[in-house]
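The values are calculated or read from the model by the stated rules, or taken from the named source; none is laboratory data. In this text, all values refer to a predicted model and were calculated from it rather than measured experimentally. Note that each Cβ is placed from the backbone with ideal geometry, even for glycine, and that neighbours are counted across all protein chains shown. When the accessible area is computed, the model is the full protein with side chains, heavy atoms only, and any ligands, DNA or RNA have been set aside. Shrake-Rupley method; radii C 1.70, N 1.55, O 1.52, S 1.80 Å.
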Amino acid sequence: MISNQILQTTIEGLKGITRIDLCICDTEGKVLATTFNDAEEYESSILAFVDSPADSQVIQGYQFFKVFDEHQLEYILLAKGGSDDVYMVGKLAAFQVQNLLVAYKERFDKDNFIKNLLLDNLLLVDIYNRAKKLHIETNVKRVVYLIETQHEKDVNALETVRSLFAAKTKDFITAVDEKNIILVKEVKPGETYEDLEKTASTILDMLNTEAMTKVHVAFGTIVNEIKEVSRSYKEAKMALDVGKIFYSNKNVVAYSHLGIGRLIYQLPLPLCRMFIKEIFDNKSPDDFDEETLTTINKFFENSLNVSETSRQLYIHRNTLVYRLDKLQKSTGLDLRVFEDAITFKIALMVVKYMKYMESLEY
């Protein structure tokens with residue numbers, strides 16, 4: 001459970017303080033971490049000590065200690081020397097490793113709990129019982145951030161996120177698939193959605209500069225209880241998908257700002273096809289030429305203002321009116337009329353959604 005690197009760092013630190021050589025082996029005598037060279041020579045002595053009833057013993061000038069995890073023997077620790085001082089250092093080292101086991105086990109259990117919580121794999125009674133056992137507060141306000149990385153299993157990105165938030169005991173960093181990092185973050189009193197967006201931008205900037213990776217960040221709504229965390233996670237997932245379809249120019253997307261895109265995303269595809277057939281009569285916006293599409297998009301950007309649109313397109317007002325008339329003849333929709341403009345805008349978004357969903361099927 002504990003990496004060999006952590007064990008090595010621990011005993012090197014202890015040696016630096018006590019000047020006593022230490023070694024940690026598994027129950028089969030394999031050396032996991034050591035500060036001296038000939039540790040492999042003691043394999044047979046370690047195996048004999050494993051089978052003995054003693055918790056500590058002096059063998060061949062070394063103090064041997066057993067390290068348990070809830071009565072299960074996990075490691076054998078060797079301390080070089082037979083004096084009382086060496087015995088005391090060995091006991092302290094064994095105690096330190098035992099505490100590491102407890103800490104890492106709790107971290108693993110918390111990670112496992114958060115994953116199951118996000119995926120709705122727990123009964124309500126289990127959520128509160130396990131949260132209490134793991135010392136996780138249940139009535140803290142939280143929000144879920146979903147960070148999609150460019151590459152699968154991006155270790156650099158994960159470590160960067162951990163360095164930002166892992167020190168905060170009420171925040172949790174985990175993953176339920178290969179490409180997404182999940183941050184369950186505590187929301188402090190007075191924090192607003194604007195503050196949450198700033199946090200998302202900080203994550204984005206840090207990953208761009210530190211981990212050298214491009215990411216998309218989405219987040220759900222603030223929830224008041226631990227049982228509602230999975231809802232915020234589902235919202236963040238939806239925000240990530242809706243952002244890809246309708247707001248591809250944005251790298252940070254909030255569920256609370258999805259607008260009409262959220263409604264379209266939840267429409268069944270047969271209904272979308274029926275709607276597009278009704279509006280465009282078996283045509284598709286893809287059939288429009290680049291000039292027409294540019295005109296439509298710029299017209300919407302300028303809130304249906306003919307003068308401002310023609311100015312930004314560097315064309316005469318009459319030219320723009322001609323293009324809009326031509327579009328009206330082919331579709332039956334006059335974009336200068338608010339109701340027709342709304343219908344057309346929704347139709348364009350529905351087509352985008354259909355394309356995205358159809359691409360997932362292949």
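Segment 337-362 to segment 279-313: how many Å between their Cα centroids?
14 Å
Run the simple label-point estimate for THR192 and THR138 please: 7 Å along Cα→C-beta, distance reported in nm.
3.3 nm
Which value in deg cm²/dmol, rounded to the nearest 500, describes the helix-derived mean residue ellipticity at 222 nm for the chain, given -39,500 (n - 2.57) per DSSP H run of n ≥ 4 and division by the residue count? Walk me through the numbers on the way to the answer.
Numbers: 13 runs with 190 residues, N = 362.
Mean residue ellipticity at 222 nm (helix-derived): -17000 deg cm²/dmol.
At 1.4 Å probe size, what's the solvent-accessible area of LYS110? Round to the nearest 10 Å².
Rounded to the nearest 10, that gives 40 Å².
Using a 10 Å cut-off on Cβ atoms, rank the peptides 313-326, 171-184, 192-205, 215-228 from the highest mean neighbour count down. Walk me through the numbers on the way to the answer.
Details: 313-326: 13.8, 171-184: 18.2, 192-205: 15.5, 215-228: 20.4.
The packing order, highest mean first, is 215-228, 171-184, 192-205, 313-326.
Mind pulling the angle between the C-alpha long axis of helix 193-209 and the longest principal axis of the chain? Nearest 10 degrees, somewhere in 0 to 90.
70 degrees
To the nearest 10 degrees, how steep is helix 124-133 against the longest Cα principal axis of the chain, on a 0 to 90 scale?
40 degrees
List the aspartates and glutamates whose Cα lies under 19 Å from the Cα of LYS153, skipping any in the same chain that are fewer than 8 positions away.
ASP111, ASP177, GLU178, GLU210
Return one number: the angle in degrees, 0 to 90 and rounded to the nearest 10, between the long axis of the Cα atoms of helix 338-360 and the longest principal axis of the Cα atoms of the chain.
Between helix and principal axis, roughly 40 degrees.
So, in Å, what gap is there between the alpha-carbon centers of segment 136-164 and segment 5-74?
Answer, in whole Å: 36.
List the pairs from LYS188/LYS250; LYS30/LYS179; LYS179/LYS355 whose alpha-carbon separation is above 29 Å, in the order I gave them. If you can, show how the numbers build up before the last one.
On the way: LYS188/LYS250 26 Å; LYS30/LYS179 35 Å; LYS179/LYS355 22 Å.
Where the Cα-Cα span goes over 29 Å, the pairs concerned are LYS30/LYS179.
Would you mind getting the Kirkwood hydrodynamic radius of segment 94-136 from its Cα pairs, rounded to one decimal in Å? Working shown, then result.
On the way: mean 1/r = 0.0895 Å⁻¹.
In segment 94-136 this quantity evaluates to 11.2 Å.
Please list MET349, MET274 from largest to smallest accessible area, probe radius 1.4 Å, with all protein chains kept in place.
Solvent-accessible surface, decreasing: MET274, MET349.
Suppose we take every Cα in segment 30-138 and form the convex hull; what volume per residue is that in Å³?
On the way: hull volume 15.3 nm³, N = 109.
Normalising the Cα hull of segment 30-138 by residue number yields 141 Å³.
Restricting everything to alpha-carbon atoms, can you work out Rg to Rh for the chain with a Kirkwood hydrodynamic radius? Write out the running numbers ahead of the final one.
Working: Rg = 30.6 Å, Rh = 25.5 Å.
Computed over Cα atoms, the ratio is 1.20.
Once the principal axes of the Cα atoms of segment 82-194 are found, what is the range along each, listed largest first in whole angstroms?
Principal extents (largest minus smallest coordinate, Cα): 61, 37, 31 Å.
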